[in-house]
Amino acid sequence: MTTATERATGPATGRPGEQVLRHRMTPRRWARELGWRHVVGVLAVLYAVFPIVYVVSASLSPTGTLTGSNELFAQVSGVNYAALGDTRFWTWMGNTLVIGVATAVGTVLMGAAAAYAFSRFRFAGRRLGLTALLIIQMFPQMLAFVAIFLLLISLGEVVPALGLNSKLALICVYLGGALGVNTFLMYGFFNTVPRELDEAAKIDGATHAQVYWTIILRLVTPILAVVALLSFISTFGEFIIARVVLQSESNWTLAVGLYGWVSSLLEANWGLFAAGAVLSAIPVLALFLFLQKYIVGGLTAGSVKG
Amino acid sequence: MSRARYKGAVAGSGTFSGAGFAVKLVLIALVDALGVFGVLAAWRAGSWGILAATVALLAAANWVYFTKRSLPLKYILPGLAFLLVYQVYVVGYTGYVAFTNYGDGHNSTKEQAVDALLVQNERRVEGSPALPLTVVESGDGELGFAVVEDGAAEVGTAEEPLEAAPDATLDGGAVTQVPGWTVLDRATVLQRQDEVTTLRVPVSDDAADGSVRTQDARTGYVFQPVLEYDEAADTMTDTATGVVYTPNDEGQFESADGEVLPVGWRVTVGFENFATAFGDDRYAGPFVKILLWTVAFAVLSVVTTFALGMFLAMVFNDPRLRGRKVYRTLMILPYAMPGFLAALLWSGMLNKSFGVINQVLLGGAAIPWLTDPWLAKLSVLGVNLWLGFPYMFLICTGALQSLPGDVYEAARIDGAGKWRTWRSITMPLLLVATAPLLISSFAFNFNNFTLIKMLTGGGPRFDDASVPLGHTDILISMVYNVSGLDGSAPRDYGLASALSIVIFVIVGVISAIAFRQTRKLEELS
């Protein structure tokens, strides 16, 4: 994931002569080699951006209905945003952020620790463990939502905080999926940190815990950021388990709550939904653009390592 | 742990017994305290399975963190514990439930079913005395009855059977005050009339003893079960009609002429749920259609997003192009948009009568994007293309830029044209680099519940089916609808789990084959 973006020796440009011709290009040649790329680019951007422009416009439209949102930016007002204050939107936003952040932190801590063990120690059952994780990875947790529901009923009879309709229980369920999904991504990255570093530290008398906290974790920060971000984003948009576990409206996450608005009264709630959608997309979008470089790197790292 | 501390520790004795050990001790103490609390709670609730699991986890944690021989486990255990409980156990439990008839009518154990049957079929005992009754409320707001039987006061609630209350104050034969309880006045009782008339306070812990109920909140009568359970013979007898019910293989009490009592218990039913999915007329037809559509949807989603993503990646993989960064940033916006928001947004935009696509872009057409079976499928794929192409664009860009330049030079020397180079070099190399991600993308879309649920809700509905399924439903949304957890259908956990198992098997087999193929591809290149 390191130098992929800096290396610009792509297939179309491997030929050395082309760089020189760049400044003296006839309009016809420009159109044939670069112009059409701009046409494609503009079309692709229009396709990608139109729904987003539309939702921003709809959120600013004072009529608040689906029909009234069709003329882009015909009127601009903040009534929909103000109206969110009378709903449970901000409660849901708070729930979603709490659940998302807690899950992300827990996932990073547990995933990194496990990846460290698999990467640095040689122990009986190591290969078996890695294979088991690979197999478990194939069986997404959400498929078992019925069993999760039944498990939480039983747990709730013992400790209500771990039962249905509890945010803590939902976080625990999400953390159950933490190892299966992320350990491999992290394991690959941990392996790229040279072992000589920790061996040197060990010779100096450092314990395994010191090596982990003070050396390894600092060198793998990029992958920690990626895993935290991916975990946060997937928790943010997770619907089926959240829908099954969280039952009272004040505990809902954004995905469950906004779905409720749109599915019950699409026409009338449209402005409200649009405003809510814009506000809930902002944190994810901002994080995403801010950490774009890391994410792209993380994705391709996964692809190379498999 | 600060760097200075690390240096100090390294330069010093080399042991790691200071702050680190203290932190460990505190954490373990905390875990133990919570664990003991859990054990006690499980003991109280009588949940032996949970109790055993908690004890096992606690013992494992203490052993792992206080012995020197389990170094790797120190790092793996926290994640492993969650993995075991919330993923491995849950998947295993799904496998178990798939072979039972767990669901509405078969919700509990046989014992609980017997109790429920006794409670539900109660009748006033002929000639039983009228008990003077007072409605009371406990400290935490629970309603209860205080009755006077043979001159002695007794208090109880729906959960707590009647118990003698010797320190209650009696006036005119009825209770007027009980310590620890609030006596409700007439107005409050009228307000909560429904609660009062439906309240049943058991006479004792044994459901066969019946309960006290009231209609007017002044006098109560003892109601006793019409049914009688004979534990030795394991039969239910209706005391009014004399009909004897015996347990059948389905987990219900059945009379000789085939009449069954409404509450059953869960029993294992073998492969019956799978037989229902594949063989029952109501499910088999939709199931096959949904299975085919699920596979088509997952494959086409990967193919379309990959094709568009790769095309765009190749178009923009030219360093002479100005503004690549801007294009790129704008193009990956859909990927950064949470999926559920996008699906909900598109469901509004594609609305037949009011949506922006029909009204503005198509000048007032009334195309039923989400309500026609084929158009709905097309819409689902289209929206997924919008959501997914930026991801493919990103990974293809990454992979293209790491392709070796020398093979292209060799191809050019050999006289290969642009098309030939693309077909024989770029495409295979790209596929090798991205294959694992394409497989996970397939697996993801195979279970892309959010998109289907939010965009079409599975609709339009099949017109020939009595089950809540539709033309765009995929397997996972079928599982959701069949499970009845959203209240739209009777709950059938057994069938839902069986379908989950089918999905597990399909996804597992496809992933295994695909990974094997990938490995072959990698060896070849």
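Quick notes on this one:
- Segment B:386-445 and segment A:44-102 have Cα centres spaced 38 Å apart.
- Range of Cα positions in the protein assembly as shown per principal axis (Å), largest first: 112, 81, 56
- As a ratio to 2.2 N^0.38 Å, the alpha-carbon radius of gyration for segment B:123-246 is 1.15.
- Largest GNM mean-square fluctuation among A:42, A:146, A:256, using chain A with Cα springs under 10 Å: A:42.
- Derived from the Cα gyration tensor, the three semi-axes of the equivalent ellipsoid of chain B are 61, 36, 25 Å, largest first.
- Net +/- balance of residues flanking residue A:167 in space, Cβ distance below 15 Å, scoring K and R +1, D and E -1: 0
- Residue (of B:341, A:246, A:220) at the positive-pole extreme of the protein assembly as shown, dipole from beta-carbon charges: A:220
- Taking the Cα centre of chain B as reference, the dipole from Cβ charges on Lys and Arg (+1) and Asp and Glu (-1) amounts to some 5440 debye.
- Span from the segment A:144-221 Cα centroid across to the segment B:87-127 one, whole angstrom: 37
- Entry note: segment A:89-305 has Rg to Rh equal to 1.03, where both radii use alpha-carbon atoms and Rh is the Kirkwood radius.
- Residue (of B:457, B:354, B:484) at the positive-pole extreme of segment B:278-524, dipole from beta-carbon charges: B:354
- Projecting the Cα atoms of B:153, B:36, B:236 onto the dipole axis of chain B, where Lys and Arg carry +1 and Asp and Glu carry -1 at the beta carbon, places B:36 farthest toward the positive end.
- Unit Cα scatterers, Debye sum, segment B:17-97: log10 I(q)/I(0) for q = 0.21 Å⁻¹: -1.06
- Working value for segment B:299-407: equivalent-ellipsoid semi-axes of 32, 15, 12 Å, each the square root of 5 times a Cα gyration tensor eigenvalue, largest first.
- Electrostatic bookkeeping for residue B:469 treats Lys and Arg as +1 and Asp and Glu as -1; over the other residues with beta carbon under 9 Å from its beta carbon, the sum is +1.
- For the protein assembly as shown, calculated [θ]222 nm from helices alone, where every DSSP H run of n ≥ 4 adds -39500 (n - 2.57): -18500 deg cm²/dmol
- Pairwise Cα distances in segment B:65-206 exceed 28 Å in 49 percent of cases.
- In the calculated pair-distance distribution of segment B:322-469, the portion above 20 angstrom amounts to 63 percent of the Cα-Cα pairs.
Every read-out reported here was derived from the displayed coordinates using simple, explicitly stated rules and does not represent laboratory data. As the structure is a computational prediction, the values presented were derived from the model and not from experiment. Using ideal geometry, Cβ is built from the backbone for each residue, glycine included, and neighbour counts are taken over all protein chains shown.
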